[in-house]
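Written out below as C-alpha cells is the structure these notes cover.
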Amino acid sequence: MTVPFSNDRLASLRDGLQLLQRGEAPTAEAMSRQALHAMPMHAGWTGLLALALSASGRPADALPLYRQLVEQESGHAAHWSNLGNCLCELAREHEALAPLQRARMLGADDAPVHYALARVHASVGPARTGLHHIARAIALAPDDIEFRLLRARLLTAVDDWEQAKADVEDLFRWPLDAAQRVELAFLLLRGGLNSDAQQLFAAVLDEDPDQLDARIGLITTLERINRTDEAERERRNLEARMDPASATRLHDKLLQVDARLAARRGDHARACSALGELLSTGLQDPALRISLRFDLGLALDKCGKRGEAMDAFALAHAERRTIVGDDHPALTRGDSVYVALAEPLPRNHALLAPPVDDKRLDPVFVVGFPRSGTTLLEQLLDAHSGLVSFDEQPFVQRIVKRLSAQNTSLQHAVDSLDERVRGDLRDSYFANVAQVVANQGARRPVDKNPLNLVRLPLLPRIFPGSRVILALRHPCDVVLSCYMQHFGAPAFAVTFETIDAGAQMYDRVFSHWWSARDHFALPVHVLRYEDLVSDVEGQARGLLAFLQLQWEPELLQFTQRARAKGTISTPSYTQVIEPVNSKAVGRWQAYREHFSPAALARLAPWIERFGYQQ
C-alpha cells in the first residue's frame, strides 16, 4: 500500500506509521481507532487505520475506509492506488482497474500502483500489459518477492515458458514464506514441473499440515501424475481439516478439485455439476474459465450430452481466441502459424548427410498430427530397454529457430549447412536431451513431437542415422479430438478454434508431407492408431523390427509402466495409463452433423489415401 500522509504534522501519527512499518499492525490499529474517536473524519488517521487493517489481512474491513478517503480527498493519487490494491486483495480485480487508472492520471508512478495494475491484468487481461507494469514495479522495488512471483505468473500466461521457468528457479534463492512457496509450487505445476511441485507442496505441509492451499495443490499434483488413489485420500484429509470459514474461502478451488477427481472416477455427472456450478459464479480469471469450459465439454461428452458439449467447446474457443488476439496478435493474423508449411521444400531435402561417428545414437522421431495416438506410441517405445523418451519437447523447433535467425528461409538454411554448423546443432540437441533424461546410457532417444512432421525435411541433414515413425488416425477423429482439447500452445487456439479450421490445417500438414515423402531420405514406418489398439503385440513386433531391436515381452505392460512413471506432460495423460482399448475409434460419427461439407471435402482425400471409411 502507498502511505499518503507521511508529512502530517501530528507526531503521534508519525509514531503510528512507524509502528506499521515495524510490522506492529494491531498496535497501529488501536492507536488509529483512539485518535478517530476524537477526530472522526481525520484523513490521516483514517488512512492509517485502513493500512493497519490491510496489513492484518482484513481487506474487507479496510475497503469502506479507502472508499471514504477517495470521496474526502478525490485528488489524492495514493488514496485511489490503495483502493485499487484493496480490491485486488479481495479478488475483485475487475473493479480495481478504474481507481488504479485514476491514480495514474493523478500522477501515481510508484511500485504499488504498478504492482496492482499488473495484478489486474493478470486476472482480467491482457497479460502483456500486466508484464509492462510488473517490470516497472520490479525496477522500482527489485527486492520485492511478490513482484517477482507475479512476473513469473504473467510469463506463463503469455506462454513464455522458458523465461517463466528461469524466474521460478531464481525464486528458490529468495527467503519465501509458506504462502509464497505455495504460489511458487502452483507455478511449477503450471509449467509441467510436476515432481518439483509435489515436493514443494509436501515440504510446506511437513512444516504446517493445516496449510490448506498447499494441500489443494498436492491433491491437484497427485491427480496430474496419475496417483489418483492418493489424491482421493488427501481430499478426505483436507475435508477433515476444514472449518466453515475455510470451506467458504476455498469454495472455488474445492469445486475444481472435486470435478477433476470425479472425472477420474468415471462420475462424469458429478464432474458436470461441479464445473457448471463453478462457471456460474462469474470467475474473473479468463485462463481458468477457459480451462474449465474445456473440462465441462469433455464431461458433457462422456454423459452423452453432445450438443451441450459442443456449446461448451465453442465458448472456450471464443474466449481463448480473444486472449491470444491480445497477447499474440501475429498468430491471429496467420503470419506465424507453422511458417514451414508456406515455404517450398529445400532443394536437397532428399540428400542424406554422411554418417556421424560421435558415439551418439540419432533419435527415433515420432510424428503425426496431434491426437493421433503419438503419446500412446511413445509410452510403448519407452518401455523397451534400448529406448528412452522424454515427453514432448521443442528441441527440433529450437534448431529451426537457430537456422531461421541466420537465414532468409529454411530452404536456404538447409542448403547452406556445413559440417561445423551441423556439429553445433547436434551438440545443442543432445545437450537438451541430457537435461531431461537421467542416466541415458546406451538407450536411443525417442523424440515425440507430433508436428515435427512439418520439419522432417531438415532431419536427414542433421540426424542421418535417425528413423521416423508416422502415427495416423482417422482424419475426422483427429480433427474432432483436437477441437475438444485445451492445448497450451497459443498457435493451436487459431489452428483448432473450429472443426473447419482443424480440417484445413490437417490438409495443409499432410499435403506438405505428401510432397516430401517420395524423396525423403530417412526410413519411415507408418502406424495407424486403429491397428495398434486392435493388435498391440503384432504392431509392436513390426515396430521393433523396423527399429532393429529385439522383442521384449515386458512391452505389453507399457500402460502399467506409464502409470508408475507419473509425469506425462501431454493432454492425454489420463488415457495412456488405461488398458489399451478401441473406445475412441470412430468417435467422430456421433458428431458427424458438426462437420461441414467443406470440412469433409478437405478430409476426404486423406481418408481415402490412408485406407479409412467416410
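The values are calculated or read from the model by the stated rules, or taken from the named source; none is laboratory data. Owing to the predicted nature of the structure, the values given are computational and were not obtained by experimental measurement. Virtual Cβ from ideal backbone geometry, glycine too; neighbours counted across all protein chains shown.
Counted as qualifying within the stretch 361-422 are the helices (runs of 4 or more DSSP H) with 3 or more residues that are charged (D, E, K, R), namely 395-406.
Are any of the residues in the stretch 478-500 farther than 26 Å from Pro329 by Cα, modelled with pLDDT of 95 or more and of a type outside the set (Phe, Trp, Tyr)? Spell out how you get there, then give the answer.
Just the residues of the stretch 478-500 that are farther than 26 Å from Pro329 by Cα, to begin with: 478.
Next, from what is left, pick out any that are modelled with pLDDT of 95 or more: 478.
Imposing the further condition that a residue be of a type outside the set (Phe, Trp, Tyr) reduces the set to 478.
Checked against the condition, which is being farther than 26 Å from Pro329 by Cα, modelled with pLDDT of 95 or more and of a type outside the set (Phe, Trp, Tyr), the stretch 478-500 yields at least one hit.
The residue that is surrounded by the fewest Cβ atoms within 10 Å (Cβ to Cβ), counting only those in the stretch 424-456 that are among the β-branched types (Val, Ile, Thr) and at pLDDT 90 or above, is Val433. Return yes or no: is His37 crowded, with 19+ Cβ neighbours inside 10 Å, more than 29 Å from Asp285 (Cβ to Cβ), without any contact (Cβ under 8 Å) to a residue 12 or more places away in the chain and more than 41 Å from the chain's Cα centre (by Cα)? So His37 does not fit the description; no.
Scanning the stretch 411-423 for residues that are closer than 30 Å to Glu530 by Cβ and either at pLDDT 90 or above or of a type outside the set (Lys, Arg) (or both) turns up nothing. Screening Asp535, Asp518 for residues that are more than 27 Å from Val454 (Cα to Cα), at pLDDT below 95 and not hydroxyl-bearing (Ser, Thr, Tyr) leaves exactly one candidate, Asp535.
Mind counting the residues in the stretch 236-265 that are among the small types (Gly, Ala, Ser) and surrounded by 15 or more Cβ atoms within 10 Å (Cβ to Cβ)? Residues in the stretch 236-265 being among the small types (Gly, Ala, Ser) and surrounded by 15 or more Cβ atoms within 10 Å (Cβ to Cβ): 4 in total.
If you scan the stretch 584-614, which residues turn out to be among the small types (Gly, Ala, Ser), over 21 Å from Gln485 (Cβ atoms) and in a loop (DSSP other than H, G, I, E, B)? The one that is among the small types (Gly, Ala, Ser), over 21 Å from Gln485 (Cβ atoms) and in a loop (DSSP other than H, G, I, E, B): Gly611. Note on the stretch 454-543: no enclosed helices (runs of 4 or more DSSP H) hold 3 or more residues that are among the basic types (Lys, Arg), under 27 Å from the mean Cα position of the chain (by Cα) and within 17 Å of Gly368 (Cβ to Cβ). The set of residues from the stretch 387-411 being touching a residue at least 40 places away in the same chain (Cβ under 8 Å) and more than 16 Å from Asn452 (Cβ to Cβ) comprises Leu387, Val388, Ser409, Gln411. Selection of first residues in the stretch 513-541 that are free of Cβ contacts under 8 Å to residues at least 40 places away in the same chain and of second residues that are surrounded by 15 or more Cβ atoms within 10 Å (Cβ to Cβ) and in a strand (DSSP E or B), restricted to Cβ pairs under 7 Å at least 6 apart or on distinct chains, gives the following pairs, ordered by first then second residue: Gln539/Leu527. Taking the criterion of being buried (at least 18 other Cβ atoms within 10 Å of the Cβ) and either in contact (Cβ under 8 Å) with a residue 40 or more places away in the chain or not small (Gly, Ala, Ser) (or both), the residues of the stretch 78-94 that qualify are Ala78, His79, Trp80, Ser81, Asn82, Leu83, Asn85, Cys86, Leu87, Cys88, Glu89, Glu93. For Thr156, the test of being modelled with pLDDT under 95 and closer than 19 Å to Leu193 by Cα is passed.
Taken over the stretch 264-294, the criterion of being touching a residue at least 40 places away in the same chain (Cβ under 8 Å), not aromatic (Phe, Trp, Tyr) and not in a loop (DSSP other than H, G, I, E, B) is satisfied by Arg264, Pro286, Ala287, Ile290, Ser291. Any chance the stretch 36-47 includes a residue that's under 25 Å from Ala118 (Cα atoms) and touching a helix residue (DSSP H, G or I) at 6+ places or on another chain (Cβ under 8 Å)? So far as the stretch 36-47 goes, yes, one or more of its residues are under 25 Å from Ala118 (Cα atoms) and touching a helix residue (DSSP H, G or I) at 6+ places or on another chain (Cβ under 8 Å).
One line per residue, one yes/no per condition, for (1) in contact with a Lys or Arg (Cβ under 8 Å, 6 or more places away or on another chain); (2) more than 22 Å from His486 (Cβ to Cβ); (3) not hydroxyl-bearing (Ser, Thr, Tyr):
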| site | (1), (2), (3) |
| --- | --- |
| Val356 | yes, yes, yes |
| Leu361 | yes, yes, yes |
| Arg371 | yes, no, yes |
| His384 | no, yes, yes |
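Flag: Glu71 does not match the condition of being within 27 Å of the chain's Cα centre (by Cα), without any contact (Cβ under 8 Å) to a residue 12 or more places away in the chain and in a helix (DSSP H, G or I).
Number of residues in the stretch 209-220 that are within 12 Å of Val182 (Cα to Cα), touching a residue at least 24 places away in the same chain (Cβ under 8 Å) and either of a type outside the set (Lys, Arg) or surrounded by fewer than 23 Cβ atoms within 10 Å (Cβ to Cβ) (or both) equals 6. Quick check on my filter: what residues within the stretch 74-110 are of a type in the set (Lys, Arg) and not in a helix (DSSP H, G or I)? The one that is of a type in the set (Lys, Arg) and not in a helix (DSSP H, G or I): Arg92.
Can you find a residue in the stretch 124-135 that is charged (D, E, K, R) and surrounded by fewer than 19 Cβ atoms within 10 Å (Cβ to Cβ)?
Yes, because at least one residue in the stretch 124-135 is charged (D, E, K, R) and surrounded by fewer than 19 Cβ atoms within 10 Å (Cβ to Cβ).
The residues listed here are Arg181, Arg235, Arg173, Arg215; of these, the one that is of a type in the set (Lys, Arg), over 20 Å from Ala287 (Cα atoms) and part of a loop (DSSP other than H, G, I, E, B) is Arg173.
Select from the stretch 526-550 the residues that are of a type in the set (S, T, N, Q) and closer than 20 Å to Lys583 by Cα and list them in ascending order.
Pass one, the stretch 526-550, residues of a type in the set (S, T, N, Q): 534, 539, 548, 550.
Scanning the stretch 526-550 gives Ser534, Gln539.
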